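The values are calculated or read from the model by the stated rules, or taken from the named source; none is laboratory data. The model shown is predicted, which means the values in this text are computed figures rather than measured ones. Positions of Cβ are generated from backbone atoms using ideal geometry, with glycine treated the same way; all protein chains shown enter the neighbour counts.
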Amino acid sequence: MRSNDAVARLLVEFADRLEATGVEYKPNAYRRAAENVADYPEPIDQLAETGEDAVAEIDRVGDAIASKIVEYVETGSIDELEDLRDSLPVEMAALTSVEGVGPKTVGTLYEALGITTLDELETAAEAGEIQEVTGFGAKTEQNIRENIPFARQSQQRERLGAARPVADDLCAYLDTLDTVARVDVAGSIRRWKDTIGDVDVLVASDDSEAVVAGFTEWGDADDVIEAGSHKASLRADGVRVDLRVVVPEEFGAALQYFTGSKDHNVRLRNRAIARDYKLNEYGLFDISDLDTDAADTTSDTADSQRGGVKLAGQSEAAMYAELGLAWIPPELREDTGEIDAAAEGTLPTLVETGDINGDCHTHSEWSDGGNSIEEMVAAAADRGDDFHCVTDHATGPGIIEGIGLDDDALREQMVTVDAVAADSDITVFHGVETNIAADGSLSTDDELLAELDIVVASPHSALDQDTDAATDRLCQAATHPSVDVIGHPTGRLLNSRAGLSVDMTRLAETAAAADTALEINATPARLDLAGEAVRAVVEAGGTVAINTDAHSPAELDNRRYGVKTARRGWVEPTDVLNAKPSSELRAFLH
């Protein structure tokens with residue numbers, strides 16, 4: 001089975017390789033097609049089975065691209081892409097993960113220096129060879145050299161948004177097997193970290209070999225890495241998945257143990273030791289009546305780890321309860337005070353996806369979205385939202401010419417939004433995503449900003465400022481009398497660019513004093529603010545807005561990523577701007 005995301009990634013690689021060889025226009029067509037394939041609501045492989053004409057019905061997927069999609073679904077490869085790989089044998093994804101290195105740069109450096117890998121790029125940069133290539137200079141070489149460590153780190157981890165759908169599909173498949181009693185993810189993906197090393201899946205079963213067999217026969221698997229009697233690993237959509245099978249009576253203990261984090265588990269284990277208990281992946285045991293040798297926990301054999309009187313193991317809740325703790329949500333398990341809070345009964349009541357009443361940051365075809373305002377509002381209504389905010393891009397720093405709306409276009413859009421609102425069953429707010437320039441000024445006229453229902457101000461340029469300048473810039477925007485939300489405050493792109501370095505405590509306190517919300521952008525490539533930064537907002541008594549930044553109806557479903565990120569920051573519903581009903585939201589807006 002070929003997933004939509006896998007096909008989309010292939011089309012992006014196609015675009016990059018075409019661009020690297022100097023082809024014009026076609027790369028953009030492939031990238032637009034990739035976006036629409038990724039957003040297409042039905043499985044692309046099932047559509048491809050009906051023929052090229054059906055695939056070509058996807059918006060911006062022409063006959064030529066449709067034929068390549070069908071070829072890939074049927075054969076697992078595309079001849080033309082293989083030819084491009086042969087003619088330009090570079091690690092395209094790794095090289096373009098370096099900020100400032102695009103496909104054209106990759107092509108130029110390959111022709112000039114024969115660079116094919118990240119290691120070769122680093123060697124050339126350190127030797128001063130890149131600045132000798134026509135069109136490059138010492139500054140460019142320095143930027144490449146400084147950005148390689150971030151790129152190298154990014155290559156070792158997957159974005160949550162790429163890995164989570166794989167995990168969800170696999171868990172749904174495993175749950176259909178007769179031999180599976182329980183299944184869940186573990187590790188960093190269960191804690192909803194923004195990037196993960198691999199997907200950990202835990203299964204409870206009395207027939208581990210049958211589960212492993214079913215796991216390795218999963219139709220979405222690209223290849224099986226290894227398989228044993230209780231463990232197995234495979235790769236799907238480029239993501240490594242590790243399976244572990246345990247007996248049902250030890251599932252809760254294993255789930256707690258393998259969810260982590262390491263620091264959380266160490267503190268929990270110390271709490272157990274203080275009570276003469278032993279805590280491990282097999283359960284919680286009272287070892288107070290055992291002699292020292294029998295209670296030895298250094299042995300790596302399963303039998304020795306099960307010594308003592310078993311107190312809990314089948315469920316996580318029982319494990320925590322026996323240690324005098326409330327069950328701790330996985331998103332909080334980072335050893336940042338959650339164990340003390342669980343002991344004192346002061347854990348937060350974390351926000352849930354169902355608490356969100358609408359989206360304060362979305363786009364339509366008026367700027368760079370793919371759908372009309374009517375379609376976006378209807379999609380929000382279909383999802384049960386109480387309101388929807390239209391916030392298309394304004395012209396300004398960092399916005400490609402022809403995408404953003406100038407002041408006249410925004411005033412024209414008001415008429416359309418009013419007409420849509422009059423025919424909608426939900427409240428529709430008209431706003432804008434204006435741009436925060438390097439000096440903190442905004443790219444939209446102040447008088448127009450004051451007329452709009454909602455103003456999201458976001459940084460799209462000068463994302464390499466130092467901490468003081470970046471923080472000053474965002475604080476100035478946050479105190480603007482018309483700004484309601486600071487959008488994706490750091491401007492980061494996971495595994496691509498680090499974004500602004502911000503003093504979050506100062507920004508959070510400034511925004512809280514100005515009644516300006518700081519956004520948790522739920523776009524899987526952003527998840528900006530990160531959970532640790534969100535915690536600073538909560539501690540400052542501020543407000544967050546969990547927005548999807550959706551450019552299509554399908555992207556409205558990314559809300560869960562924003563909510564989970566908010567939970568990592570200890571956010572409760574009362575902390576969230578768009579958990580308010582439309583009437584209360586209107587009262588909050590400047």
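Which residues, taken from the range 538-590, are among the β-branched types (Val, Ile, Thr) and assigned to a helix (DSSP H, G or I)? Even if it seems obvious, please write down each step before you answer.
As a first pass, look at the range 538-590 and keep what is among the β-branched types (Val, Ile, Thr): 538, 543-544, 546, 548, 563, 565, 571, 574, 576.
Correct list: VAL538, VAL563, THR565, THR574.
With a requirement of 2 or more residues that are within 27 Å of the chain's Cα centre (by Cα) and of a type in the set (Lys, Arg), the helices (runs of 4 or more DSSP H) lying completely within the range 1-62 that satisfy it span 4-20, 26-39.
What are the residues in the range 190-207 that are of a type in the set (Gly, Ala, Ser) and surrounded by fewer than 21 Cβ atoms within 10 Å (Cβ to Cβ), if any?
Going residue by residue through the range 190-207, those that are of a type in the set (Gly, Ala, Ser) are 197, 204-205.
Selection gives GLY197 alone.
In the set THR105, THR140, which member is within 30 Å of ALA64 (Cα to Cα) and not assigned by TED's automatic domain parsing to the domain that holds VAL199? When all the criteria are applied, what remains is THR105.
Within 29 Å of GLN156 (Cβ to Cβ) and part of a helix (DSSP H, G or I): is that true of GLU99 in this structure?
Details: within 29 Å of GLN156 (Cβ to Cβ): yes; part of a helix (DSSP H, G or I): no.
Judged against the criteria, GLU99 is not a match.
Here the condition is being over 26 Å from the mean Cα position of the chain (by Cα), farther than 28 Å from ALA378 by Cβ and either polar (S, T, N, Q) or not assigned by TED's automatic domain parsing to the domain that holds ILE148 (or both); of ASP453, ASP466, ASP439, it holds for ASP439 alone. Scanning the range 539-583 for residues that are touching a Ser or Thr at 6+ places or on another chain (Cβ under 6 Å) and within 27 Å of PRO41 (Cβ to Cβ) yields ASP549, ALA550, GLU555, LEU556, ASN558, ARG559, ARG560, VAL563. Listed by first and then second residue, the pairs linking a residue in the range 222-246 that is among the hydroxyl-bearing types (Ser, Thr, Tyr) to a residue that is not in a strand (DSSP E or B), with Cβ atoms under 8 Å apart and 6 or more places separating them unless they lie on different chains, are SER229/SER208; SER229/GLU209; SER229/VAL212.
Out of curiosity, is VAL90 part of a helix (DSSP H, G or I) and either loosely packed, with under 14 Cβ neighbours inside 10 Å or not acidic (Asp, Glu) (or both)? Taking the combined requirement at face value, the residue does not satisfy it.
For the range 173-188, the condition holds for at least one residue, the condition being that it is surrounded by fewer than 19 Cβ atoms within 10 Å (Cβ to Cβ) and part of a helix (DSSP H, G or I).
Beta carbons closer than 6 Å, at least 6 apart along the sequence or on distinct chains, pair a first residue in the range 148-167 that is among the charged types (D, E, K, R) with a second that is part of a strand (DSSP E or B) and surrounded by fewer than 21 Cβ atoms within 10 Å (Cβ to Cβ) for ARG157/THR195; ARG159/THR195. Selection of the range 314-372 for residues being surrounded by fewer than 16 Cβ atoms within 10 Å (Cβ to Cβ) and not small (Gly, Ala, Ser) yields TRP327, ASP340, GLU344, THR346, THR349, GLU352, THR353, GLU365, ASP368. Of all residues in the range 217-243, those satisfying the criterion of being outside any loop (DSSP other than H, G, I, E, B) and surrounded by fewer than 17 Cβ atoms within 10 Å (Cβ to Cβ) are ASP223, VAL224, ILE225, GLU226, ALA227, LYS231, ARG235.
Which of the residues that make up the range 266-290 are part of a helix (DSSP H, G or I) and either in contact (Cβ under 8 Å) with a residue 24 or more places away in the chain or within 13 Å of ALA312 (Cβ to Cβ) (or both)? Result: VAL266, ARG267, LEU268, ARG271, ALA272.
Every condition in (1) part of a loop (DSSP other than H, G, I, E, B); (2) surrounded by fewer than 22 Cβ atoms within 10 Å (Cβ to Cβ); (3) not β-branched (Val, Ile, Thr) holds for ASP472 except the one numbered (1).
Selection of first residues in the range 470-482 that are farther than 19 Å from ALA498 by Cβ and of second residues that are among the hydroxyl-bearing types (Ser, Thr, Tyr), restricted to Cβ pairs under 6 Å at least 6 apart or on distinct chains, gives the following pairs, ordered by first then second residue: CYS475/THR510; ALA478/THR510; ALA478/THR516. Scoring ALA254 on the criteria (1) part of a strand (DSSP E or B); (2) in contact (Cβ under 8 Å) with a residue 12 or more places away in the chain leaves a single failure, condition (1).
The residues of the range 362-402 that are in contact with a His (Cβ under 6 Å, 6 or more places away or on another chain) and either of a type in the set (A, V, I, L, M, F, W, C) or not assigned by TED's automatic domain parsing to the domain that holds ASP423 (or both), listed by number, are VAL377, ALA380, VAL390, ILE399. Name the residue that is surrounded by the most Cβ atoms within 10 Å (Cβ to Cβ), counting only residues in the range 51-69 that are of a type in the set (A, V, I, L, M) and over 20 Å from GLY238 (Cα atoms). Top of the filtered list is VAL55.
Within the range 483-518, the residues that satisfy the criterion of being buried (at least 21 other Cβ atoms within 10 Å of the Cβ), in contact (Cβ under 8 Å) with a residue 60 or more places away in the chain and not in a loop (DSSP other than H, G, I, E, B) are VAL485, ALA517.
Within the range 421-436, identify whether any single residue is assigned by TED's automatic domain parsing to the domain that holds HIS361, in contact with a strand residue (DSSP E or B) (Cβ under 6 Å, 6 or more places away or on another chain), among the hydroxyl-bearing types (Ser, Thr, Tyr) and not in a strand (DSSP E or B), and answer yes or no. Checking the range 421-436: not a single residue is assigned by TED's automatic domain parsing to the domain that holds HIS361, in contact with a strand residue (DSSP E or B) (Cβ under 6 Å, 6 or more places away or on another chain), among the hydroxyl-bearing types (Ser, Thr, Tyr) and not in a strand (DSSP E or B).
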